[in-house]
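Down below is the structure, laid out as structure tokens.
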């Protein structure tokens, strides 16, 4: 090979090298190379993510949405809150017209006062009757005892007078006693008889007075009976009054929690019925993540597993949590109207299992219903 041929080959190799260098260093080649590296890194990250985490975008912020309902029917006279307002436990949300209920309360209070006055009057009467009847019974019993003693004494005097009279009568028949002595015996007998009749009359009168006093004592029992009836009526009236106060309180619809008013369904001037929903509330400090994991992946999830959460409405926020509940029912079966595939056309669809994730921190304002992406730490294989 001559020198000229060798020189041409060197020139060709040099040109070829320069051509490859120019192609590799061209913007198009550099862009292609970087794109390929990006795809490789992205694919590597995806593989690593799938090997360490179970991820899903079928997840959202959840909360206990509390439905506040009216306990009574009536016209709403005032609405004190609107959607988005923050409230505390016991804050007044709505006022229902309570004029009729308050009018009934006034009647019940008046009835209660009337019964209390009657009871006080009967108690006074009972004290007077009891005091008077007790004194009368004691006095009449003492009179009866005295009258009985007088009757016994009169009987003894009559017996002695009758004995003296009989003796004087026998002696008079024999002529041993003068007419004057016999007359004295007769007068003594008649006086004893009259004294006995008087003692018996006093005994009868005292006994009658005693019976009257006992009858007055029975009046006390009647008053006590009436008093017991009035006291029972007063207890019923007081219970009725307390019940009416509760009804008046039900005309005031108050917040049962500290939270945010999500929605109101009535304005002032509208009429609501008992049991109708008037507002929705939730507590922003008690939100969690409801994630639906594929049934083919749920076996890799365990309670207590760490979860990284990306919130669509707050992409820069760093939110973490822990799995607290793994349901035993699929989302489809838990639906209000499950689809039993009545047509007979079957298409196998991967079902999803609800998982509850409690948040470690609630510094970020999370709105119930907001979509999130969840990456749950995969359960480590047992050795």
Fill in the blank from the handout: Quick note, segment 226-298: a/c under 1.5 would make it rounded; otherwise a/b > b/c is prolate and the rest oblate (a ≥ b ≥ c, C-alpha gyration tensor); here it is prolate
Practice task
Just rank 100, 263, fewest to most, by other beta-carbon atoms within 10 angstrom.
Solution key: 100, 263
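May I ask you to compute the full-extension gain from residue 78 to residue 365, defined as 0.36 nm times their residue separation minus their alpha-carbon distance, rounded to one decimal in nm?
Extra length available between residue 78 and residue 365 comes to 100.3 nm.
Throughout, read-outs are computed from the coordinates displayed, never taken from laboratory work. Remember, predicted model here, so these are calculated numbers, not experimental data. Positions of Cβ are generated from backbone atoms using ideal geometry, with glycine treated the same way; all protein chains shown enter the neighbour counts.
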